[in-house]
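Here's the structure we're looking at; comments come further down.
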Amino acid sequence: MTTNRTFTMIKPDAYADGHSGSIIQMIEAAGFKVKAARLLKLSAEQAGDFYSVHKERPFYQDLCNYMSSGPIFAMILEKDNAVADFRKLIGATDPAKADEGTIRKKFAKSIEANAVHGSDSDENAALEGKFFFSETEIV
Ligand code: RTP
Ligand code: MG
């Protein structure tokens, strides 16, 4: 079943560099509605839980340190075909491979500090949204 929601985070590098407003503008201009939003700082443990699917990957510890290094903007977004369309809008994980016009092409600094997160499936979008928000916080 496809749903019309996805989950995103503006990552610590993009927040620290003052790109949150520009990124949200690109997200809204692409037709996504913000349904929930929260600014917070993850602990290393919370980042580890969130990215536990990558536990065995060589970059896992670096990723947890990076994602807990500063504030992030967590959001639930709504649009038809949200997961796939949002992955298109953010572009490839490695900004060197990201298409022109994508958020990562514009704002990512490296394969790790790549500006934004986007859920990779409807199932993960639902789980990741629940990680940060209760039903009453989704408007
Ligand atoms: P995300 O989950 O954040 O939307 O990114 P993604 O699907 O495009 O990439 P994924 O494979 O899920 O990796 C999660 C995040 O880990 C960092 N990463 N570092 N050093 C590296 O080789 C490496 N590879 C991935 C990135 O921050 C990536 O977004
Ligand atoms: Mg991913």
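Derivation of every value follows stated rules applied to the coordinates shown; laboratory data play no part. Since this is a predicted model, take the numbers as computed values, not measurements. Cβ coordinates were reconstructed from backbone atoms using ideal geometry, including for glycine residues, and neighbour counts include every protein chain displayed.
Assess whether Ile76 counts as being of a type in the set (Val, Ile, Thr), surrounded by 13 or more Cβ atoms within 10 Å (Cβ to Cβ) and within 15 Å of ligand 2 (Cβ to nearest atom). So Ile76 does not fit the description; no. Can you work out which of the residues in the stretch 1-56 that are among the small types (Gly, Ala, Ser) and in a strand (DSSP E or B) is nearest to Lys109 (Cα to Cα)? Among residues in the stretch 1-56 that are among the small types (Gly, Ala, Ser) and in a strand (DSSP E or B), the one nearest to Lys109 (Cα to Cα) is Ala37. Are any residues in the stretch 105-139 charged (D, E, K, R) and crowded, with 21+ Cβ neighbours inside 10 Å, and if so, which ones? Result: Glu128, single match. Within the stretch 28-42, none of the residues are within 16 Å of ligand 2 (Cβ to nearest atom) and among the acidic types (Asp, Glu). Can you find a residue that is within 13 Å of ligand 1 (Cβ to nearest atom) and among the charged types (D, E, K, R) anywhere in the stretch 64-81? No, every residue in the stretch 64-81 fails to be within 13 Å of ligand 1 (Cβ to nearest atom) and among the charged types (D, E, K, R). Quick one: in the stretch 111-139, which of the residues that are within 10 Å of Thr6 (Cα to Cα) and in a loop (DSSP other than H, G, I, E, B) is farthest from the chain's Cα centre (by Cα)? Filtering first and then ranking leaves Ser121.
Scanning the stretch 1-39 for residues that are free of Cβ contacts under 8 Å to residues at least 40 places away in the same chain and surrounded by fewer than 14 Cβ atoms within 10 Å (Cβ to Cβ) turns up Gly18, Gly21, Gln25, Glu28, Ala29, Leu39.
Among residues of the stretch 80-94 that are β-branched (Val, Ile, Thr), those with a Cβ under 8 angstrom from a residue that is in a helix (DSSP H, G or I), sequence gap 6+ or separate chain, pair up as Val83/Asp122; Val83/Ala125; Ile90/Ile103; Ile90/Arg104; Thr93/Arg104.
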